[in-house]
Amino acid sequence: MTEKPTMIQALNRALHDAMAADGSVVVFGEDVGPLGGVFRVTDGLTATFGENRCFDTPLAESGIVGMAVGMAMNGLRPVVEMQFDAFAFPAFEQIVSHVAKLANRTRGRVRLPMVIRVPYGGGIGGVEHHSDSSEAYYAHTPGLLVVTPATNTDAYGLLRAAIEHPDPVVFLEPKRQYFTREELDPEPAVPPIGRAVVRRDGRDATLIAYGPSVPVALAAAEQAATEGRDLGVVDLRSIVPFDDETVTAAVRRTGRAVVVAEAPGFASVASEIAARVSERCFHHLEAPVRRVTGFDVPYPPPRLEQHHLPGVDRILDAVDDLQWEIA
């Protein structure tokens, strides 16, 4: 491939390679068969692997997830697609009551190796039910792993890792990154789930982000550099399990932290990150941990979403408010 692939193509390749490597991997959901999904992530899979391996379902998210539970109990590795973030809510009872709890309910005798793919987040001009950031619901549910890539390489590697994992993974795909083009190694690595990565080292403050907020945090760090401040950026990659070690080490180096996330701030993943950093880095902090998030309102109409989503200016305003000492 001479042209840099998009994240869609990286995810498609991950699904293709997983299905080629393991005959128990099946892919299904609304319009994921011959059409290739609304975002074309599953394009060509039905033609390559047949209708028994990649197929369409009725518009019934609860039934999709419930069917996946039965398949996973009986030796298959289902990968299901929720067409948009908020479309998954009709399946929420299945996810919380059964997907997340079955291993514990059976004392580990029954595991559910399944992946629930969820395109999530804003930035594409979508309306409500098409732009939600629902990660807090899943992260709050014991028994689920919650993963979200920010780069094409991680989109491939983390999806492969999720499919291979013996327990259920909610795989959150940032829609606004879908068409980003980046280099992809001929044989991409499969990183372990639960390990964050430092995208940029810094000495003055640490920006902690995940999924669609990572490129925004990196852009803020670039802008800050022109103003004489050196900001580090940590990409969580996994929300659950959470990599306290990497995050704590980065914040202890700088003494200041800003958490960046699209979701509303109240009772959020950003709140949990801020609490964990405060608990583990209290004696190293030079200022309170700040959060830059979406506002606590339903997702706004497309013309207003640029005001709702955290941007470079809001991040740098938070950095400016970190009680800088005058040398």
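Restricting Val240, Val251, Val233 to residues that are in contact with a strand residue (DSSP E or B) (Cβ under 6 Å, 6 or more places away or on another chain), within 12 Å of Ile315 (Cβ to Cβ) and at pLDDT 95 or above narrows the list to Val233. The residues of the stretch 159-214 that are within 30 Å of Val110 (Cα to Cα), in a loop (DSSP other than H, G, I, E, B) and either at pLDDT below 95 or touching a Ser or Thr at 6+ places or on another chain (Cβ under 9 Å) (or both), listed by number, are Ala189, Val190, Pro191, Pro192, Ile193, Gly194, Arg195, Ala196. Thr46 meets the conditions (1) surrounded by 15 or more Cβ atoms within 10 Å (Cβ to Cβ); (2) in contact (Cβ under 8 Å) with a residue 40 or more places away in the chain in every case but one. The failed one is (2). State whether one or more residues within the stretch 224-240 are of a type outside the set (Asp, Glu), surrounded by fewer than 17 Cβ atoms within 10 Å (Cβ to Cβ) and in contact with a His (Cβ under 7 Å, 6 or more places away or on another chain). No, the stretch 224-240 contains no residue that is of a type outside the set (Asp, Glu), surrounded by fewer than 17 Cβ atoms within 10 Å (Cβ to Cβ) and in contact with a His (Cβ under 7 Å, 6 or more places away or on another chain).
Any chance the stretch 43-60 includes a residue that's among the acidic types (Asp, Glu), outside any loop (DSSP other than H, G, I, E, B) and under 20 Å from the mean Cα position of the chain (by Cα)? No, the stretch 43-60 contains no residue that is among the acidic types (Asp, Glu), outside any loop (DSSP other than H, G, I, E, B) and under 20 Å from the mean Cα position of the chain (by Cα). Listed by first and then second residue, the pairs linking a residue in the stretch 136-147 that is of a type in the set (Gly, Ala, Ser) to a residue that is in a strand (DSSP E or B), with Cβ atoms under 8 Å apart and 6 or more places separating them unless they lie on different chains, are Ala136/Ala263; Ala139/Val146; Ala139/Ile239; Ala139/Val240. In summary, Gly125 fulfils each of the numbered conditions (1) part of a loop (DSSP other than H, G, I, E, B); (2) at pLDDT 95 or above with the single exception of condition (2). Cβ-Cβ distances below 6 Å connect the following pairs, each with a first residue in the stretch 59-78 that is over 21 Å from Leu15 (Cβ atoms) and assigned by TED's automatic domain parsing to the domain that holds Met19, a second residue that is assigned to a helix (DSSP H, G or I) and modelled with pLDDT of 95 or more, and a separation of six or more residues or different chains: Ser62/Pro90; Ser62/Ala91; Ser62/Gln94; Gly66/Gln94.
Give the residue, chosen from Pro300, Pro288, Pro310, that is touching a His at 6+ places or on another chain (Cβ under 6 Å) and outside any helix (DSSP H, G or I).
Working: Pro288 fails: touching a His at 6+ places or on another chain (Cβ under 6 Å); Pro310 fails: touching a His at 6+ places or on another chain (Cβ under 6 Å).
Just one listed residue meets the conditions, Pro300.
Asp132 meets the conditions (1) under 28 Å from Arg256 (Cα atoms); (2) acidic (Asp, Glu); (3) in a loop (DSSP other than H, G, I, E, B) in every case but one. The failed one is (1). Exactly one residue out of Ala14, Ala20, Ala10 is modelled with pLDDT of 95 or more and either outside any helix (DSSP H, G or I) or under 21 Å from Tyr138 (Cβ atoms) (or both), and it is Ala14.
Is it true that Ala261 is assigned to a strand (DSSP E or B), outside the structural domain of Val169 (by TED's automatic domain parsing), modelled with pLDDT of 95 or more and within 28 Å of Pro142 (Cβ to Cβ)? Outline the logic, then answer.
On the way: assigned to a strand (DSSP E or B): yes; outside the structural domain of Val169 (by TED's automatic domain parsing): yes; modelled with pLDDT of 95 or more: yes; within 28 Å of Pro142 (Cβ to Cβ): yes.
So Ala261 passes the test.
Among the residues making up the stretch 167-212, those that are farther than 19 Å from Thr246 by Cα and basic (Lys, Arg) are Lys175, Arg176, Arg181.
Among the residues of the stretch 55-104, which ones are under 17 Å from Met19 (Cα atoms) and touching a Gly at 6+ places or on another chain (Cβ under 6 Å)? Give the derivation first.
Within the stretch 55-104, the subset under 17 Å from Met19 (Cα atoms) is 55-56, 68, 71-72, 75-81.
If the condition is that a residue be under 17 Å from Met19 (Cα atoms) and touching a Gly at 6+ places or on another chain (Cβ under 6 Å), then Phe55, Asp56, Val80, Glu81 are the ones that fit.
The values are calculated or read from the model by the stated rules, or taken from the named source; none is laboratory data. Predicted, not measured: the structure shown is a model, and the values here were computed from it. Note: ideal-geometry Cβ built from the backbone for every residue, glycine included; neighbour counts use all protein chains shown.
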